[in-house]
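In what follows, a structure is listed as structure tokens, so that the remarks can point back to it.
The values are calculated or read from the model by the stated rules, or taken from the named source; none is laboratory data. Please read these numbers as outputs of a predicted model, since none were measured by experiment. Cβ placement follows ideal geometry from the backbone for every residue including glycine, while neighbour counts extend to all protein chains displayed.
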Amino acid sequence: MRPVLKSILRLVAELTGRYAVAALIGVLYLSLNALLFSRFMNHLGMARTTMPFYIGAYMLVEVPTWMLCVKIVGLWHRSVWAEIIIAGVIAVLVAQWRTFDYYFWPNFISPTVDPTTKSQMLFWFIFTVMNYLLATHTAALYCWFAWLIKGRKRKNPEAIL
């Protein structure tokens with residue numbers, strides 16, 4: 001029973017670390033959004049103000065999903081690139097699952113082009129790209145932090161004992 005509990009605690013600690021890195025990336029994104037990005041997204045209207053919160057809510061689902069996928073793929077292949085690619089694929093899939101049928105597809109098949117169509121298509125594109133970028137940066141930063149922590153444990157002679 002003790003090894004099972006140790007494995008569960010290790011997974012909970014890893015998930016907590018991933019959420020902490022995601023929160024760090026989220027705070028950085030909110031800061032950049034307030035200082036820089038919001039000036040270029042005025043034409044999105046109210047959608048530009050709600051987008052960071054939706055992305056943050058989706059990260060609550062994306063982080064454990066890509067952790068699970070990384071653990072499954074890790075049985076065959078382990079690398080930082082695999083984790084980043086898995087995080088990106090899951091981020092795009094989640095973004096498409098939530099936005100494709102409302103923002104993209106009806107406007108794509110619409111016979112007319114009006115400002116609303118352009119605005120919704122642009123929101124779909126920006127939402128997908130931002131979700132992808134935030135997820136891949138979170139995965140890369142988590143891998144870097146994990147590498148730093150594991151490297152320090154290996155260099156510490158007391159950690160070997």
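Here are the numbers for this structure:
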{"read-out": "Some residue of region 35-56 being touching a helix residue (DSSP H, G or I) at 6+ places or on another chain (Cβ under 7 Å), modelled with pLDDT of 80 or more and surrounded by 14 or more Cβ atoms within 10 Å (Cβ to Cβ)", "value": "yes"}
{"read-out": "All positions within region 53-87 that are in a helix (DSSP H, G or I) and aromatic (Phe, Trp, Tyr)", "value": "53, 54, 58, 66, 81"}
{"read-out": "Residue match in region 142-160 (condition: at pLDDT below 85 and surrounded by 18 or more Cβ atoms within 10 Å (Cβ to Cβ))", "value": "no"}
{"read-out": "Any hit, region 66-73, residues being modelled with pLDDT of 75 or more, exposed (fewer than 15 other Cβ atoms within 10 Å of the Cβ) and either among the basic types (Lys, Arg) or touching a helix residue (DSSP H, G or I) at 6+ places or on another chain (Cβ under 9 Å) (or both)", "value": "yes"}
{"read-out": "Residue within region 6-29 that is at pLDDT 85 or above, surrounded by 10 or more Cβ atoms within 10 Å (Cβ to Cβ), in a helix (DSSP H, G or I) and among the aromatic types (Phe, Trp, Tyr) present", "value": "yes"}
{"read-out": "Yes/no for residue 120 being part of a helix (DSSP H, G or I), of a type in the set (S, T, N, Q) and modelled with pLDDT of 80 or more", "value": "no"}
{"read-out": "Looking only at region 89-110, and only at residues there that are within 21 Å of residue 135 (Cβ to Cβ) and among the polar types (S, T, N, Q), the one that is modelled with the lowest pLDDT", "value": "99"}
